[in-house]
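This report concerns only the one structure given below.
The values are calculated or read from the model by the stated rules, or taken from the named source; none is laboratory data. As the structure is a computational prediction, the values presented were derived from the model and not from experiment. Note that each Cβ is placed from the backbone with ideal geometry, even for glycine, and that neighbours are counted across all protein chains shown.
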Amino acid sequence: MKGLFFWQRLLLAVVAIATSALLLNVATDVTTLWYTAWLAPAPLLLFAYYGRFWEAWLVLFLSFSLGSASYILFYQNLLQSHLLWITLLSSAAFAFFLMLTCWICRNYARWWMVFILPLVWVSCEFMQARLTGLGTLGDLAYTQIGFLPMLQIAYLTGIWGVSFMVVLLSNAIVFSIFMMNKPGGRFLCWLLPLLVVLSSLVFGMARISQPQLQDHVHVGLIVLPHDQRNLPVAQKIQRYGELVKRLNRDPVQVAVMPEQTLTLNDHNWVEGLAGFSAIAKRYKTNLILGVDRHYRARKMRKEVWFINAQGQLAGVYDKNAYLPKALSRYHEGNRLLVLNKPSGLWGVALCSDMDFQDVARRYSRSGVGLMFVLGRDSNLHDAYIETGGDIFRGVENDFAVVRVAQGGLVTVSDDRGRILSLEKVRQKESTLLRVYVRLGRGKSVYADAGDWFAYVCLVLSLLFLFRYLSLELPKNK
């Protein structure tokens, strides 16, 4: 590649970026072609192994920046905030460390180095999640939502193990091509990665086949049509009362409504609480609903109210995790809401709480087997991204997830990541859904051990880079 003319290298760079973007694009929601993501890094890695250092770095940087933009642009006004610059800087660092790793591997060409790039990739994703304020949003592992056997490794390692496997297989293909004319170990650089991936799939199939708990909950889900979201409080209460009545023709144990079911202030919050308490008491149904509380002299709050079947406000959850821009306007809570019910322990969360693993892990450590996640989606693509995060948190922490969102999707998944129900929210009529959900056990290796796999990847990556950057290049290079 170094002997090609500039315009030829430019054309190859454009082809590499476009091919990777296309393969990733068709794997970004919960219903499409997950296997295309296994090949998506390959064109970029070919450029990295055979191209000039800074040209290859630029290709990687542009690819990662465009990929990140496709996720963050769903959040309002991010282009006008510091978050865009943080994303660009993290993409630049991500590309640099990957390119540095490829440069070392192609100069020393040892078969076992096929495992180094996946280690560095996971380390970069982990540091991005910790430093950018975006959590795990946009991680490569989310492309595997539709591939249940691979998804199960998250029970042990969290999301990081899935990213490792995807990059390992893609890198094994490219590195095997690179090592084709190198002495020694060229078969091992594809055989051992293949065995590692197959082992993780065997574990996944074994976990999927394990029997589930018999405890289940009959859940009702309610979303108003788009043109009724901004009704006055009294009319909204009346409308939701009618829908709970319809839902209870086949009685449910809990009726769940989305984030921002009500928007209340200092003057009308009593009216809102009294209205929904009356609905719960009249139909003897537990209610879970999202409430935006606006205060005159304090930050706003995003809350989840749990109103029991006796009409009492039995619990309030204050959203724990926000994307950086929202922190200036909203109060950040730090407590969980765990509901002890005959079927088991329930937990509640709001939308982007599930982009951050800490909230879900704390719930799992409390023994929660069923999570109710209330959301508000901008569009269907946004809904698929957020739904993928919720499903992943369920597998990582061994709990079922019920997600209800304005403007997007209503989804129910079990503790193995199986989608039990997925329905698009209707725009011109109310969305009503009843579903039986089996609880998970609420305990997992990942929940107890935390990000152990990511830390192992980070330590091994640093040791490798320090070791080989301190050596002289082989004389034949």
Go through region 398-431 and count every residue that is of a type outside the set (S, T, N, Q) and outside any strand (DSSP E or B). 13
In this structure, does P225 turn out to be surrounded by 13 or more Cβ atoms within 10 Å (Cβ to Cβ), farther than 21 Å from L44 by Cα and either in contact (Cβ under 8 Å) with a residue 40 or more places away in the chain or not acidic (D, E) (or both)? yes
Residue among V219, V244 that alone is under 20 Å from V412 (Cα atoms), out of contact with any Ser or Thr (no Cβ under 8 Å at 6 or more places or on another chain) and β-branched (V, I, T): V219
Checking V244, V233 in turn, the sole residue that is touching a Leu at 6+ places or on another chain (Cβ under 7 Å), farther than 30 Å from C105 by Cβ and not assigned by TED's automatic domain parsing to the domain that holds I116 turns out to be V233
Pairs with Cβ under 9 Å, 6+ apart, first in region 461-475 and outside any helix (DSSP H, G or I), second at pLDDT 75 or above: L471/Y108; L473/N107; L473/Y108; P474/N107; P474/Y108; P474/A109
Among (1) within 17 Å of G450 (Cβ to Cβ); (2) outside any loop (DSSP other than H, G, I, E, B); (3) out of contact with any Pro (no Cβ under 9 Å at 6 or more places or on another chain), which single condition is T136 missing? (2)
If we keep only residues of region 277-291 that are within 32 Å of the chain's Cα centre (by Cα) and not aliphatic (A, V, I, L, M), then the residue farthest from S343 (Cα to Cα) is G290
Which residue pairs have Cβ atoms closer than 7 Å, lie 6 or more positions apart in sequence or on different chains, and pair a first residue in region 39-68 that is among the basic types (K, R) with a second residue that is surrounded by fewer than 24 Cβ atoms within 10 Å (Cβ to Cβ)? R52/K2
Looking only at region 111-123, decide whether some residue is in contact with a Leu (Cβ under 7 Å, 6 or more places away or on another chain), outside the structural domain of S413 (by TED's automatic domain parsing), surrounded by fewer than 24 Cβ atoms within 10 Å (Cβ to Cβ) and over 29 Å from D358 (Cβ atoms). yes
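Can you spot a residue in region 128-145 that is under 30 Å from F372 (Cα atoms), surrounded by fewer than 16 Cβ atoms within 10 Å (Cβ to Cβ) and not polar (S, T, N, Q)?
Our first condition is that a residue be under 30 Å from F372 (Cα atoms); within region 128-145, this holds for 128-145.
Going one step further and asking which of them are surrounded by fewer than 16 Cβ atoms within 10 Å (Cβ to Cβ), we end up with 130-131.
Imposing the further condition that a residue be not polar (S, T, N, Q) reduces the set to 130-131.
Checked against the condition, which is being under 30 Å from F372 (Cα atoms), surrounded by fewer than 16 Cβ atoms within 10 Å (Cβ to Cβ) and not polar (S, T, N, Q), region 128-145 yields at least one hit.
Charged (D, E, K, R), surrounded by 20 or more Cβ atoms within 10 Å (Cβ to Cβ) and either in a strand (DSSP E or B) or at pLDDT 95 or above (or both): does that describe R434? Quick ask: steps written out before the conclusion?
On the way: charged (D, E, K, R): yes; surrounded by 20 or more Cβ atoms within 10 Å (Cβ to Cβ): no; either in a strand (DSSP E or B) or at pLDDT 95 or above (or both): yes.
Judged against the criteria, R434 is not a match.
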